[in-house]
Amino acid sequence: MAASRKRRLERTGLDFIEESARLLRSAPAGVLLRYYIGSVPCILGLLYFFTDVTRGAYASKHLIESSLGAAALYLWMKCWHTAFNSGLRSVLAQEPPEPWTLRRIMRLIVLQVAVQPSGLFLRIVAAICLLPYVWVYGFYQGFGVFGDGLSPSISEVARRAWEQAKWQPGHAHVAIACLKAFAFVVWLNVLVFLFMAPELLRIFTGIETVSTRSPMAMLNTTFFIASLAITYLCFDPLRKALYVLRCFYSDAVRTGQDLEVELKSLHVPAARFAAAALLLLSTAPLTPRAFAAEPPPAVERVDSTKLSDSIEDVLRRREYTWRLPREKTPEEEKGLLTQFIERLIETIRWAIKSALKWISDLLEKMSPRGGSGDGAGFSWTTRGILYATIALCIGLILFFLWKQRRNLRVTMVAAEAMSAIPDLRSDDVVADQLPEDGWLKLARDLMDQGELRLALRASYLASLAHLGRRELISIARHKSNLDYERELRRRARSREELLSAFDANLDAFECAWYGLHEVTADILTGFNANLDRIRAC
């Protein structure tokens, strides 16, 4: 386990790209559909907007409405990209996706609308400056991954996105450079295909177009913008998958979720053995006749009448009647789509009939009467082995379903255990492990239990969580109480009442927690009174 984790930490940017491609291939069709539901309308709308603005004679009259429409389509695309990233994270973590409630969708929309429009301009500025481009681009891609509506705080999502942007910057630079080179190759292929498409249409269908009469007329700005749009639709999902991986592994350094995924992959499902047994059962010969050699075909004499009919059939073939006027058959008059649907229905009917016939023959051979007559049935020993094999397969399938349900329960219990109450006696407790109300509830419970010293620390952590939520301090594991005090004085220097209340609580906490002062009910009451003053300021 430790060796595999070390290999994960030592992976290169190319390894991330390869794993991104595997993640994208393993994603369900519904997850990919989310991406194109958001991207295709936006790309088409932006193409129309660009063409109308650059070539439209009356574009200035409705420029404001068109600009607002393009902005709405851009935000629509970013929201659906976040839903696509959420689906990829569920596939990567091997966990069921979180339900899309109305409250979560509204939080997602608010987060993306509040942050993503600035990225449209800041990424251009960063690209001009060149050096900060990877960090700025990684921040907005990370915000599109973490801002999926599960966390309502913009500051929390932005903090996690910025941590991901700073994580392993060398690998990020290599991966972005390789993806840009790959995108250029894809764009060249799209250009060649679009340029050759009218000529291919003329060759295979005979349809003459303006592009085939004057191919160089295609080389205009609209043609190149359309090629870039198609390249974006082909290439951008891979880039999104790359940053989903970066967000997952940057979080896994702290949570260890990558180890949980690896432990899940070590379980070999019993369904594989059941499927293999069913496959062997289906491919086994059903009758002894399968091994019998077929007699050589009898030589038939050729009748002159049949020979004449055969010659007439050959002369009526297509290669000999190509000059005759073509007569459309009733099938051709139906159209290609109708013919395809009818043939598909016929194929499905044939498959169902074949399967039913095979099951009927198998049941007939397995019945006791199947062994009488011509000896085509199974013997009692063979039937017993066959029944035992089928019962074993059914038992394995039921065992697999029971095992999956049991694993699901274990996963739910483990998930509940991860949200346990922090140990206030530990020095590693950070104020952002619980919200402000959680710390206050914990303080009240400890006060009822008589643990006044721990209740005082819980109240102090509640004050830090409150100040962090108001962005008066930035909570971090490495910061000391003196760091928090200096940061608060710098950001709230005009709020004397808040500073005095915090200083009083800080002195009381340090004397009780790091000193030998006993915590009494009066000290705790005064501490909570100062906390109420902090919350009211």
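Please treat every number below as a calculation from the coordinates, not as lab data. On a predicted model such as this, the values are computed, not experimentally measured, just so you know. Cβ placement follows ideal geometry from the backbone for every residue including glycine, while neighbour counts extend to all protein chains displayed.
Work out, step by step, the length gained on full extension between Arg425 and Leu337: first 0.36 nm times the residue separation, then minus their alpha carbon distance; give nm to one decimal.
Using 0.36 nm per residue and subtracting the Cα-Cα distance, I get 24.5 nm.
Going by amide H atoms built from the backbone, whose H comes under 5 Å of the H on Val429, apart from near neighbours?
Sorted by chain and number, the residues that satisfy this come to none at all.
Based on the mean of other beta carbon atoms within 10 Å per residue, what is the order of 242-249, 101-108, most packed first?
Going from most to least packed, we get 242-249, 101-108.
Note down the nm distance, to one decimal, between modelled labels 7 Å out along Cα→Cβ at Val210 and at Glu510.
7.9
Please compute the length gained on full extension between Leu68 and Arg349, using 0.36 nm multiplied by the number of residues separating them and subtracting their Cα-Cα distance.
Result for the pair: 96.0 nm of gain on full extension.
With each pseudo-label sitting 7 Å past Cα toward Cβ, what's the Asp313-Asp236 distance in nm, one decimal?
5.7
Stretched out fully, how many nm does the piece from Arg470 to Glu518 gain, at 0.36 nm a residue minus the Cα gap?
14.1 nm
At Glu496 and Leu228, where each label point lies 7 Å from the Cα along Cα→Cβ, what is the point-to-point distance in nanometres?
Those two pseudo-labels are separated by 5.8 nm.
Please say if the range 431-536 is rounded, prolate or oblate, where rounded means a/c under 1.5 for a ≥ b ≥ c the square roots of the C-alpha gyration tensor eigenvalues, and otherwise the choice is prolate for a/b larger than b/c and oblate otherwise?
prolate
Given a Förster distance of 22 angstrom, what is the FRET efficiency for Ala529 paired with Lys441, based on the Cβ-Cβ distance and rounded to 0.05?
Calculated value: 0.75.
Starting from the amide H of Lys479, placed 1.01 Å from N in the peptide plane, find each other amide H under 5 Å away whose residue is 5 or more places distant or on another chain.
The list, which skips near neighbours in sequence, is empty: none.
Short version: ³J(HN,Hα) in whole Hz for each residue of the range 448-464, in order, from phi by Karplus 6.51 cos²θ - 1.76 cosθ + 1.60 (θ = phi - 60°), x for Gly and Pro, what are they?
Residue by residue, the range 448-464 yields 5, 7, x, 8, 6, 5, 5, 5, 5, 5, 4, 5, 5, 5, 5, 5, 5 Hz.
Can you work out ³J(HN,Hα) from phi for every residue in the range 503-517, in order, using Karplus 6.51 cos²θ - 1.76 cosθ + 1.60 and θ = phi - 60°, giving whole Hz and x for Gly and Pro?
4, 5, 5, 5, 5, 5, 5, 5, 5, 7, 8, 9, x, 10, 6
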